[in-house]
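Notes to accompany the following structure.
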Amino acid sequence: MLNGKNTKEWIFNFAKKIENNKTYLSELDTPIGDGDHGNNMARGMEAVNDALSNTSNNDLTTVFKTIAMALISKVGGASGPLYGTAFLEMAKESNNSTDLSDLLSVALIGIKKRGGANVGDKTMIDVWDPVLTAIKSNSLTQQTIDKAVDNTKNMIARKGRASYLGERSVGHLDPGAVSSGYLFSALLETEGIL
Ligand code: ADP
Ligand code: MG
């Protein structure tokens with residue numbers, strides 16, 4: 001069950017992971033993109049950090065909305081509106097449910113609708129989808145996350161900038177899949193949230 005407090009804890013942890021891996025994420029985005037994913041995400045998560053730190057409001061809907069707005073306004077790249085949509089959808093759903101699978105389900109539907117990608121297109125969806133399946137069966141582990149991230153290496157990119165490379169995108173991890181991996185590792189580390 002999510003609440004404003006454990007969600008903040010989760011997202012602060014995610015922000016830390018993004019900051020620590022900023023260079024790596026941009027390096028991953030260099031051969032198959034424009035080399036900015038780490039910087040994009042770090043800029044966005046810094047804004048999220050500031051916005052969340054500046055409010056003592058622990059209402060779950062407000063927390064999700066605050067995260068979404070900071071990401072949408074600060075990230076710039078394709079990943080900003082996609083992550084932003086995910087959190088905006090969770091904000092809406094949080095009026096009906098605080099169950100993690102319910103919330104992540106609407107988030108994933110939002111990402112798919114917004115970007116038009118699906119499983120196997122070598123995007124963040126290739127981490128979100130198997131992770132959500134594991135959460136639904138109460139079996140999420142770090143190994144599930146790592147495997148999903150690794151699987152993007154052999155995929156051919158069909159959406160986003162990497163799709164311009166076609167088959168030449170094979171052999172490279174998808175940067176958005178790696179950053180989404182951090183999001184879910186941070187979730188795993190947040191006590192009592194699963
Ligand atoms: P940009 O591609 O605009 O430079 P980023 O580098 O910040 O943006 O983000 C790239 C990541 O965004 C990709 O690695 C991929 O995971 C994700 N992405 C791009 N397009 C889509 C899409 N249509 N659907 C889902 N994810 C996408
Ligand atoms: Mg990029």
> Contour minus end-to-end for Lys16 and Asp59, with contour as 0.36 nm per residue of separation and end-to-end as the Cα-Cα distance?
Replying inline: 13.2 nm
>> Tell me which of Ile109, Ser180, Thr66 sits at the most positive position along the dipole axis of the chain, charges placed on C-beta atoms (Lys, Arg +1; Asp, Glu -1).
In response: Ile109
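Does segment 118-184 classify as rounded, prolate or oblate by the C-alpha gyration tensor (a ≥ b ≥ c root eigenvalues; a/c under 1.5 gives rounded; else a/b over b/c gives prolate, otherwise oblate)?
Prolate.
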>> Checking understanding here: applying a Kyte-Doolittle mean of at least -1.0 and a length along the axis of at least 20 Å (C-alpha), which whole DSSP H helices in the chain pass?
In response: 37-53, 60-74, 79-93, 100-115, 175-189
> Which whole-number value in Å² is the accessible area per residue of segment 43-134, probe 1.4 Å?
Replying inline: 40
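Does segment 36-85 come out rounded, prolate or oblate by the C-alpha gyration tensor, with a ≥ b ≥ c the root eigenvalues, rounded set by a/c under 1.5 and, if not, prolate when a/b is larger than b/c and oblate if not?
Oblate, since a/c reaches 1.5 and b/c is not below a/b.
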> So for the chain, what are the equivalent ellipsoid semi-axes in whole Å, largest first, each being the square root of 5 times an eigenvalue of the Cα gyration tensor?
Replying inline: 25, 18, 15
> Ranked by accessible surface with a 1.4 Å probe, highest first, in what order do His37, His172 come?
Replying inline: His172, His37
>> What is the distance in Å between the Cα centroid of segment 144-191 and that of segment 77-120?
In response: 17
>> For the chain, what does the relative contact order come out to in percent, with C-alpha contacts under 8 Å and a separation of six or more?
In response: 24
>> Quick check: at a probe of 1.4 Å, how many percent of the accessible area of segment 14-135 sits on carbon and sulfur atoms?
In response: 47
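The values are calculated or read from the model by the stated rules, or taken from the named source; none is laboratory data. Please read all numbers here as calculations on a predicted model, not as lab measurements. Methodologically, a virtual Cβ is constructed for each residue, glycine included, from the backbone with ideal geometry; neighbour enumeration extends over all protein chains shown. Ligands, DNA and RNA are stripped out before the accessible areas are found, and what is left, the full protein with its side chains, is counted by its heavy atoms. Shrake-Rupley method; radii C 1.70, N 1.55, O 1.52, S 1.80 Å.
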